[in-house]
Structure formats: C-alpha cells, structure tokens
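Visitor: Encoded as structure tokens, here's the structure I'll be asking about.
The values are calculated or read from the model by the stated rules, or taken from the named source; none is laboratory data. The structure presented is a predicted model; accordingly, all values stated were derived computationally and were not measured. Quick reminder, even Gly has a Cβ in these numbers, built from the backbone with ideal geometry, and neighbours come from all protein chains shown. Areas reflect the complete protein model, heavy atoms only, side chains present, ligands, DNA and RNA absent. Shrake-Rupley method; radii C 1.70, N 1.55, O 1.52, S 1.80 Å.
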Amino acid sequence: ENYLDAFSELMLPQVTVLCGNYATLSRWLLPDWQGQQAPSPRDVARAAADKGVAYTLVTSYPGADHWLENHLASPDALLASARFDRFEARFSGAGDTLSAALVALLCAGADLQTACADALNYLDQALDGGFQPGMGNAIPDRLFWSDAGDETPDADAPDNLQTLSDSPIDNPRH
C-alpha cells in the first residue's frame, strides 16, 4: 500500500503515457469501483488523469471470443484501439517489451498513435515468436526480426491500430 501510494503521488504526475494491463490498472486505479459493469478503458484513463497522467494505453482488455483489445485513451476520448488474437501461452515480460518499445519509438520522434501501433505490432510478433526456456512462463522473442532467414523486420506486418480520432496528439512529453 505504501509503495503504491508513493508511486501514485510522486511518479504518476511525471508520466505522459501509462501503459499497463487492464486488470492491474483497474484494480490499482479504481479499487473501490461501484459500477454495475466492469470499468471501461476510458474509466481507467480518467482515474489515471486524476493522478496527472495525460494518456493511458490499456492492454489485454477482454474482447469477444479469443481477442484481446488494447486501447489508447485520454480522459476525454478513446483515441485508438487494436485487437489481437489471444495467445495460449502465459508470458513473462510482455508488458516490459511493450513499454520499452513504446518509449523507444516516442524518443525517436514518432507521434503517440503511430508509436502505439508500432509498439503493439512489435509485441505481437515478439509474442508470436516467444519461447518457453523451461517449465515456467514463455518469454517474448524480442529479436524475432533477426532470424537467419530474415534480412529486415516484417514490413508487411499489419497495422492493427484503428485510430478513433483524426487529430494527432500534439507534443507529448517523453
């Protein structure tokens, strides 16, 4: 509790994009949720905004059938959304892989929506190539693109992020 309180008070106001799993973010940011239905990604983004976060990338939102949805949201709008097939394996390091890719793309100058789309596609391919080194969880293959048969990253990978707003996000803090 003390750790989460300190993190909320000291770190979240410094964050531009909070990236996290839906279940974890909703439990942390909305512990006393009283709604009839589970909180939406926008509800999570509003709770994050109350702590000073401008944008939230909510991952692993349960979708229909075998789909997992990822939503980029601000407190005012759902900015983009993407759906991916659910993997059968349990992974360790998927969130770390996504957030590191997102930060790298933002630091390289990509706008937020493009960076989210590219980071999510990278994660999807890393999980698709993931492997289980022992009896525990699988880990993403972050170097999937360096396979001996491939010269370059898959340029034909689908752009799975659906933009819900035509206006780009201006000047995100990195």
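Visitor: Summing +1 for each Lys or Arg and -1 for each Asp or Glu, what net charge is found among the other residues whose Cβ lies under 15 Å from the Cβ of Ala89? Walk me through the numbers on the way to the answer.
Guide: Values: positive: Arg86, Arg90; negative: Asp85, Glu88, Asp124, Asp128, Asp141.
Computed value for this residue: -3.
Visitor: For Asp50 paired with Asp85, estimate the spin-label separation in nm (one decimal), with each label point 7 Å from Cα along the Cα-to-Cβ line.
Guide: 3.9
Visitor: Here's another thing I want to ask about it. Report the Cα centroid-to-centroid distance between segment 24-71 and segment 88-114 in angstrom, as an integer.
Guide: When both Cα centres are located, 18 Å separates them.
Visitor: Where the accessible area of segment 37-82 is counted over protein heavy atoms with a 1.4 Å probe, how much of it, in %, is carbon and sulfur? Mind showing how you got there, number by number?
Guide: Values: 870 of 1840 Å².
Answer for segment 37-82: carbon and sulfur cover 47 percent of the accessible area.
Visitor: If you count, for each residue, the other Cβ atoms within 10 Å and average over each peptide, how do 81-93, 4-16, 37-49, 65-77 line up from highest to lowest?
Guide: Values: 81-93: 14.5, 4-16: 12.2, 37-49: 19.4, 65-77: 17.2.
Descending mean neighbour count gives 37-49, 65-77, 81-93, 4-16.
Visitor: Starting from 0.36 nm per residue, how many nanometres of slack lie between Asp76 and Phe131 once their C-alpha separation is accounted for?
Guide: Roughly 15.9 nm would be gained on extension.
Visitor: On to the next question. In sequence order, what are the phi-derived ³J(HN,Hα) couplings for segment 77-82 according to the Karplus relation 6.51 cos²θ - 1.76 cosθ + 1.60 with θ = phi - 60°, rounded to whole Hz, with x for glycine and proline?
Guide: Along segment 77-82, the couplings run 7, 8, 8, 7, 8, 9 Hz.
Visitor: What nm distance separates the two modelled labels at Val103 and Phe7, each placed 7 Å from Cα along Cα→Cβ?
Guide: So the label points at Val103 and Phe7 sit 1.4 nm apart.
Visitor: Related question: In nm, to one decimal, how far is the modelled label at Ser92 from the one at Ala23, with both set 7 Å along Cα→Cβ?
Guide: Reported label-point gap for Ser92 and Ala23 is 1.7 nm.
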